[in-house]
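Here is the structure we will look at, set down as structure tokens.
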Amino acid sequence: MTIGQDGDWAIEARGLVKRFDGFTAVDGVDIRVPRGAIYGILGPNGAGKTTTLRMLLGIIDPDAGMRRVLGHERPTDVARRIGYLPEERGLYPAMKTTEAIAFLAALRGVPLKTGRARARELLEEHGLGYAADRQIRQLSKGMAQQVQLLGTLVHQPELVVFDEPFSGLDALNQGKLEKMIRALAQGGTTVIFSTHVIAHAERLCDQVAIIAGGKVPFAGLVDDARDRLRPQVRLETRARDGAWRAALPADARGEGAFWHFTLPESGVEPLLRALIEGDAGILSLSIERPGLHDAFVAIAGEAAARALEENASGQEKAA
Ligand SMILES: Nc1ncnc2c1ncn2[C@@H]1O[C@H](COP(=O)(O)OP(=O)(O)OP(=O)(O)O)[C@@H](O)[C@H]1O
Ligand SMILES: [Mg+2]
């Protein structure tokens, strides 16, 4: 499947704004999720991820902006084609696992009998067959969360929205969930999920939106986010001093023969030439491309600082 053909969006949102009692939680968010993509919403606590997802699903209405979900302007019209794992987990404790899943399916228009049969299949397939007849209250927290996750898939949605799906799962089950998300996308389902654990997004996502202070300072390919930061060089030299030191960029920090700096815009060749001609004696040199984690910290940090500044100047004006 070709991802991201123009105009073929599972979700398209422009200028979404949400205020709570005068506090602007989401401040002009644009998001476009290509059909069939795995899309990550990354942001620190309180950034506006959950509020954005709730607006996309039509659980709450934006104060400004538009959203189109699976081609519809009212997301509730397509609720049966969407699976949703909310941030606050909860199933009826007295229900049996199979019934809980069938119940969620029924809410999305699947007859109970079909829902039960699919629930058993799903539980088997995901290694939870042994818990099919247990009550929800008899499950561990992580198991209950897995059951709820299966409940978001039982009606075979075209689009799934997971709010912090990895939180509360052990490392093994986090890995299983990553696999499940990949399998969903391979089957043509669009997956959008929020997280503050960047590693999951880095492994899974075709595209990400970084949210900080209610704004989106970056949306696009993971690679493009990483390219916002320059590669980092680590260098070890035999010589401790010499003319070659002048070739190191201004931000070079070092001790003795170990140096760490940002790769200059001019690239690695002029640097190498200067080191060789200056008899630095290169013992080791590595060029490392920053990962999504570093890019996230830089982009979100800058945006959060800007939001604080804007808030402060707004308050000054108001005073
Ligand atoms: N119903 C509400 N009433 C008032 N303020 C709210 C409400 N919902 C969210 N907020 C505020 O909006 C901001 C964004 O909250 P949101 O839940 O969207 O953040 P988040 O990015 O999902 O954070 P987390 O990673 O902690 O889940 C926060 O400052 C929060 O206090
Ligand atoms: Mg949240």
Here is a list of conditions, (1) over 23 Å from Thr189 (Cβ atoms); (2) surrounded by 20 or more Cβ atoms within 10 Å (Cβ to Cβ), and Gly83 meets all of them except one; can you say which number that is?
-> (1)
Restricting the first residue to region 155-178 and requiring it to be outside the structural domain of Glu88 (by TED's automatic domain parsing), which pairs with a second residue that is surrounded by fewer than 21 Cβ atoms within 10 Å (Cβ to Cβ) and not in a loop (DSSP other than H, G, I, E, B) meet a Cβ separation below 6 Å and a spacing of at least six or different chains?
-> none
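This table checks each residue for (1) hydrophobic (A, V, I, L, M, F, W, C); (2) not in a helix (DSSP H, G or I).
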site	(1), (2)
Arg120	no, no
Asp133	no, yes
Arg137	no, no
Val154	yes, yes
Any idea how many residues of region 88-117 are surrounded by 14 or more Cβ atoms within 10 Å (Cβ to Cβ) and of a type in the set (Asp, Glu)?
-> 1
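For every residue, the table says whether it meets (1) in a loop (DSSP other than H, G, I, E, B); (2) of a type in the set (Lys, Arg); (3) at positive phi.
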| residue | (1), (2), (3) |
| --- | --- |
| Gly15 | no, no, yes |
| Thr24 | no, no, no |
| Gly40 | no, no, no |
| Glu88 | yes, no, no |
| Leu91 | yes, no, no |
Working only within region 179-196, note down all residues that are part of a helix (DSSP H, G or I) and touching a residue at least 24 places away in the same chain (Cβ under 8 Å).
-> Met180, Ile181, Arg182, Leu184, Ala185
Within the group Gly281, Gly214, Gly256, which residue is at positive phi and assigned by TED's automatic domain parsing to the domain that holds Thr51?
-> Gly214
If you go through Ala212, Ala219, the only one that is among the aliphatic types (A, V, I, L, M), within 16 Å of ligand 2 (Cβ to nearest atom) and either touching a Ser or Thr at 6+ places or on another chain (Cβ under 9 Å) or under 26 Å from Gly28 (Cβ atoms) (or both) is Ala212
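The values are calculated or read from the model by the stated rules, or taken from the named source; none is laboratory data. Just so you know, these numbers come straight off a predicted model, no measurement behind them. Ideal geometry is used to build each Cβ from the backbone, glycine not excepted, and the neighbour counts take in all protein chains shown.
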